[in-house]
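Just so you know, all these numbers are worked out from the coordinates, no wet-lab data involved. No experiment lies behind these values; they were computed from the predicted model shown. A quick note on method: Cβ atoms are made from the backbone with ideal geometry, for glycine too, and the neighbour counts reach across all protein chains shown.
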Ligand SMILES: [Fe+2]
């Protein structure tokens with residue numbers, strides 16, 4: 001079974017779990033955002049407590065993507081700080097991992113992920129697929145790939161972090177300036193042929209099932225019509241598309257944007273009790 005439709009959850013309401021010795025990162029805390037029971041792929045916020053370390057030389061048996069939310073994490077001799085991104089392929093040698101001062105890192109594992117000590121089998125690691133480190137805060141903003149988005153969004157910018165040459169899957173940062181609700185009263189709905197996954201780093205998104213605040217997360221399966229969306233505060237988010245390149249079919253007609261939507265998210269049964277759970281809005285996730 002593929003991952004369930006989650007649209008959306010404030011990650012602040014999700015529980016932290018301390019990972020045990022049987023996990024890939026013993027002693028770290030994890031907050032699972034979405035999970036594929038078949039492939040074991042997972043999107044998760046990792047919290048590495050100060051002094052955390054995995055001192056043995058090891059590798060992981062699936063790809064890992066990471067984006068640092070706060071603090072600093074070392075993988076071997078590479079330090080990842082806030083805003084840094086990496087795509088570390090399966091089998092990549094990792095002399096160690098540690099976080100002397102602690103770190104929070106949004107992490108995407110593309111399958112079952114076991115920390116295996118020693119060297120990976122020959123052929124597992126493909127260095128051509130490595131993105132060792134992107135300091136995204138030093139990148140300049142480019143144009144969104146979709147011309148409709150570029151035209152309608154206020155001050156839209158995109159930083160492309162990764163595009164898989166084989167699958168067309170992408171990871172990117174996107175920002176919009178605030179909309180003027182008096183001018184922007186209507187919008188088109190949109191549909192993508194692939195999964196759209198978003199973690200809202202800052203700002204706000206209004207859409208029919210509610211208003212996403214910083215720390216909001218969604219995993220929207222392919223071919224689900226959504227929107228129209230708007231943002232009163234602007235937005236800054238980490239986006240991924242899974243299953244291929246993200247293209248958009250826009251509706252012909254426009255419908256009114258709901259700038260104060262009722263909170264009515266789409267959630268799998270196990271998350272429904274958390275849908276309206278109160279949370280500390282001072283917490284980022
Ligand atoms: Fe979309």
- Message: Run the numbers for residue 38 and residue 223: contour at 0.36 nm per residue of separation, minus the present Cα-Cα distance, in nm.
- Response: 64.5 nm
- Message: Given axes a ≥ b ≥ c from the Cα gyration tensor, I'd like to know whether the range 161-200 is rounded (a/c under 1.5), prolate (a/b larger than b/c) or oblate.
- Response: prolate
- Task: Name the shape class, rounded, prolate or oblate, that the alpha-carbon gyration tensor gives for the chain, where a ≥ b ≥ c are the square roots of its eigenvalues, rounded holds for a/c under 1.5, and otherwise prolate holds if a/b is larger than b/c and oblate otherwise.
- Result: prolate
- Binned at 10 Å from 0, what are the whole-percent values of the Cα-Cα distance distribution for the range 147-274, short to long? 12, 43, 37, 8, 0
- Based only on the alpha carbon positions, what is the Kirkwood hydrodynamic radius of the range 9-138, in angstrom? 14.8 Å
- Label points 7 Å out from Cα along the Cβ direction at residue 117 and residue 202: separation in nm? 4.3 nm
- Can you pull the one-decimal nm distance between simple spin-label points at residue 251 and residue 191, each 7 Å off the Cα toward Cβ? 1.2 nm
- Item | Cα pair distances in the range 93-213, grouped into 5 Å bins until the bin that holds the longest one, percent each | 2, 6, 13, 19, 18, 14, 11, 7, 6, 3, 1, 1, 0
- Message: If I take every Cα pair under 8 Å that is 6 or more residues apart in the range 147-274, average their sequence separation and divide by the length, what percent do I get for the relative contact order?
- Response: 31 percent
- Three-way shape call for the range 126-178 based on the alpha-carbon gyration tensor, with the a/c threshold at 1.5: oblate
